[in-house]
Amino acid sequence: MSGADTQTQIEAAVLRRLLGHLREHTEVQNIDLMNLAGFCRNCIAKWWVEEAERHGTPLEYESAREQVYGMAYPEWKRLYQKP
């Protein structure tokens, strides 16, 4: 395996861990993330769509959000988003 392949595998694993962490910590609201880090779960979904398109793979935003949230966004919002 090449160094580039190893790097890609590590980056993919880190993304999976980040998404898992965000899914476990539903008490952290997107607005909190935006205020503290300058990005939120929706930003990650938008980046996902942009990168997919850059690689010639069309991806719907709602599908990307499901990847990030681990469920349909309206369901996550109903369950976890504070008013």
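Quick look at the numbers
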| read-out | value |
| --- | --- |
| Exposure proxy ranking, count of Cβ atoms within 10 Å, fewest first, for ASP32, ASP5 | ASP5, ASP32 |
| Evaluated at q = 0.13 Å⁻¹: base-10 log I(q)/I(0), Debye formula over Cα of the chain | -0.46 |
| Taking the range 3-80 and dividing mean pair separation by its residue count, relative contact order in percent (alpha carbons under 8 Å, at least six apart) | 24 percent |
| Ascending count of other beta-carbon atoms within 10 Å, so fewest first, for VAL28, VAL49, VAL68 | VAL28, VAL49, VAL68 |
| Dipole in debye (nearest 20) - the range 37-83, about Cα centre, beta carbon charges: Lys, Arg +1; Asp, Glu -1 | 320 debye |
| Ordering of 10-21, 33-44 by packing [mean C-beta count within 10 Å, highest first] | 33-44, 10-21 |
| Extreme residue, positive dipole direction of the chain, given options ALA37, PRO58, TRP47 (C-beta unit charges) | ALA37 |
| Helix-derived mean residue ellipticity, 222 nm - over the chain, DSSP H n ≥ 4, -39500 (n - 2.57), to 500 | -23000 deg cm²/dmol |
| Fewest-first sequence of LYS82, LYS77 by Cβ atoms within 10 Å of each Cβ | LYS82, LYS77 |
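Here, each number is a calculation from the coordinates, and none is a lab measurement. Computed from a predicted model, the values in this text were never measured in an experiment. Note that we place each Cβ from the backbone using ideal geometry, even for glycine, and neighbour counts take in every protein chain shown.
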